[in-house]
Amino acid sequence: MADIPYSEIGITQETREAMYPDNYSDKLGKVYHNLIDEIVRPAHIDSNVPDHSILLDELAIMYEANMTIANEQTRFNASVLRAAINVIRAL
């Protein structure tokens, strides 16, 4: 008789998990992760980086047009356009 193992009284872990899927720690963990997801982490970040090629082309055309006119104001406009082109390229 000593060789027969004594069976554990009660329900098995598998039954316990089926009957009680979430304990207090699991629920607290879900609330905590939900809080982190909604508040701390940024919203969905789009993986597509915007393409500014059309805007840069238009600004380059305007820059060239302002550089061809021999006027102080248009040369100033051209320098502002060049600065805008540089800023957009840096983005």
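Restricted to segment 1-21, and to residues that are in a loop (DSSP other than H, G, I, E, B) and at pLDDT 70 or above, which residue is farthest from the chain's Cα centre (by Cα)? Spell out the reasoning first.
If we filter segment 1-21 for residues that are in a loop (DSSP other than H, G, I, E, B), which is where we start, we get 1-12, 20-21.
Remaining after also requiring at pLDDT 70 or above: 10-12.
Details: Gly10: 48, Ile11: 45, Thr12: 43 Å.
So the residue we want is Gly10.
Working only within segment 24-81, note down all residues that are of a type in the set (Lys, Arg) and either modelled with pLDDT of 85 or more or more than 30 Å from the chain's Cα centre (by Cα) (or both).
Answer for segment 24-81, where residues must be of a type in the set (Lys, Arg) and either modelled with pLDDT of 85 or more or more than 30 Å from the chain's Cα centre (by Cα) (or both): just Arg75.
Tell me which residues, restricted to segment 51-77, are touching a residue at least 12 places away in the same chain (Cβ under 8 Å) and outside any helix (DSSP H, G or I).
The answer is His52, and nothing else.
The values are calculated or read from the model by the stated rules, or taken from the named source; none is laboratory data. Just so we're clear, the structure is a prediction, and the values are computed from it rather than from any experiment. Cβ: placed from backbone, ideal geometry, glycine included. Neighbour counts: every protein chain shown.
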